[in-house]
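Quick notes on the structure that follows.
Taken together, the values in this text are just the output of simple stated rules run on the coordinates, not laboratory data. The structure displayed is predicted, hence computed values, not measured ones. Cβ coordinates were reconstructed from backbone atoms using ideal geometry, including for glycine residues, and neighbour counts include every protein chain displayed.
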Amino acid sequence: MTRKEAREYCFKLMFEYEVQKNSFEELMACFDEYAEKPGKQREYVERVVGTCLEKQAEIDETIETNSNGWKLGRLPKVTLSALRVAVCEILFMEDIPDGIAINEAVEIAKIYHDEKNGKFVNGILSSVLKAK
């Protein structure tokens, strides 16, 4: 499994969390069941998902502060999930380049929502990066 694929799993697990409110253990069990050959990327997924859940209040505040008046409840769950993973990486993962976190979140938003959503995600994450 590549890092890109692992990041997409993080997004999917955070989406599942947003819909189902599963615990960390349930999310990781889901990952273990469906991920093919995760190898060392399991540790990355565990770290990102765990940090997203642990720091959710701070991550959500950062998203809302940088979303130009959009309340979290108005954001599509796909968008919110992609943003949470990227903001987590930008704020708390020193070993992950900010540009990669942003580019991957934009691509995920385009794939799972649409082109306009990718631009929206890019705008929010660019603001987060400037404020960092």
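Please tell me the relative contact order of the range 3-131 in percent, rounded to the nearest whole number, where contacts are Cα pairs under 8 Å and at least six residues apart.
Numbers: 128 pairs, mean separation 32.5, N = 129.
Averaging sequence separation for qualifying contacts and normalising by length gives 25 percent for the range 3-131.
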Exercise for review: For each of Arg7, Arg74, Arg47, Arg84, count neighbouring Cβ atoms within 10 Å of the residue's Cβ, then give the residues from fewest to most.
Suggested key: Arg74, Arg47, Arg7, Arg84
Study note, to complete from the structure: Phi angles of the range 31-37, converted by Karplus (6.51 cos²θ - 1.76 cosθ + 1.60, θ = phi - 60°) into ³J(HN,Hα) in whole Hz with x for Gly and Pro, give 4, 4, 6, 9, 6, 8, 6
**Study point:** Low-density loop cleavage sites - chymotrypsin sites (Phe, Trp or Tyr not before Pro) in the range 28-117, where at most 15 other Cβ are within 10 Å (DSSP)
**Key:** Trp70
Point to revise | Using θ = phi - 60° and Karplus 6.51 cos²θ - 1.76 cosθ + 1.60, couplings along the range 96-106 (whole Hz; Gly, Pro as x) | key: 10, x, 4, x, 5, 4, 5, 4, 5, 5, 4
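Can you give the FRET efficiency to the nearest 0.05 for Cys30 and Glu58, using r as the Cβ-Cβ distance and R₀ = 30 Å?
Computed FRET efficiency for Cys30 and Glu58: 0.75.
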Check your understanding: Each residue of the range 122-132 in order: what ³J(HN,Hα) in whole Hz does its phi give by Karplus 6.51 cos²θ - 1.76 cosθ + 1.60, θ = phi - 60°, with x for Gly and Pro?
Key -> 4, x, 5, 5, 5, 5, 4, 5, 5, 7, 5
Study note, to complete from the structure: So Lys130 and Asp95, fully extended at 0.36 nm per residue minus their Cα-Cα distance, gain in nm 10.8 nm
Review point. Along its principal axes, what span do the Cα atoms of the chain show, with the longest given first and each in whole Å?
Key: 39, 29, 27
Exercise for review: Measure up Lys12/Lys77; Lys40/Lys130; Lys12/Lys132; Lys12/Lys37; Lys12/Lys40; Lys40/Lys110 against 21 Å on the Cα-Cα distance and list the ones that go over.
Suggested key: Lys40/Lys130; Lys12/Lys132; Lys40/Lys110
Practice item. With everything on Cα atoms, drop me the angle between helix 41-54 and the longest principal axis of the chain, reported from 0 to 90° to the nearest 10. Key: 50 degrees
Exercise for review: Can you give me the P(r) profile for the range 42-107? Cα pairs, bins 5 angstrom wide beginning at 0, each as a whole percent.
Suggested key: 3, 18, 29, 28, 16, 5, 1, 0
Exercise for review: Treating the angle as unsigned and between 0 and 90°, give the value, to the nearest 10°, between the Cα long axis of helix 3-20 and the longest Cα principal axis of the chain.
Suggested key: 80 degrees
**Study point:** Loop-located GluC sites (Glu not before Pro) in the range 14-92, at most 11 other Cβ atoms within 10 Å (DSSP)
**Key:** Glu36
